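To keep things clear, I will list the structure first and then write my remarks on it.
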Amino acid sequence: MKTFNYLQSLINEETSRIEVLKYIELKNDMFDKILDSGLTNIEIIYFSSNLSLNKNNINKLFDLEMENANINLLRNDNCPEERLDEFIALKDKIYNIAIAHNRSLSKINIEKLLKLNDTDVNISLQFNNLL
């Protein structure tokens, strides 16, 4: 509990709030407490770029239906495969570029992205060393 109280004091300070949301290693029930703390939309977008999010956390953030947060979540290596499939099916260029930056893409999803024949998506896949 002391860790969370310290976190809460950091989050209440405007200058470090976003940095804490992006980089804190989420353990136990910290995610839910942070998400329920009244984050602004901007703070949720930064929180969605936290690399320690697990699949359950990612799904909860997807449920908020925030486009910019979704982009960050699709890039996360822990993003559930079914979410990647769901967003590839949308055939949205921005989402596909974000997905192409996900380092844990399956071969099937790499092939789906390649079939789009989109230069920007292909460049992202190459940048990610997936080709």
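Only the coordinates and a few stated rules stand behind these numbers; no lab work does. Note that the structure is a prediction, hence the values are computed from the model and not measured. Every residue, glycine among them, receives a Cβ derived from its backbone with ideal geometry; neighbour counts consider all protein chains shown.
So the values come out like this:
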{"item": "Test result for ASP63, surrounded by fewer than 13 Cβ atoms within 10 Å (Cβ to Cβ) and under 10 Å from the mean Cα position of the chain (by Cα)", "result": "no"}
{"item": "Set SER124, SER106: member being loosely packed, with under 13 Cβ neighbours inside 10 Å, among the hydroxyl-bearing types (Ser, Thr, Tyr) and under 18 Å from ASP77 (Cα atoms)", "result": "SER106"}
{"item": "Residue satisfying condition, being among the aromatic types (Phe, Trp, Tyr) and within 27 Å of ARG17 (Cβ to Cβ), within set PHE47, PHE127", "result": "PHE47"}
{"item": "Close pairs from segment 114-131: first farther than 13 Å from LYS93 by Cα, partner surrounded by fewer than 13 Cβ atoms within 10 Å (Cβ to Cβ) and of a type in the set (D, E, K, R), Cβ under 8 Å, at least 6 apart", "result": "ASN128/ARG103; LEU130/ARG103"}
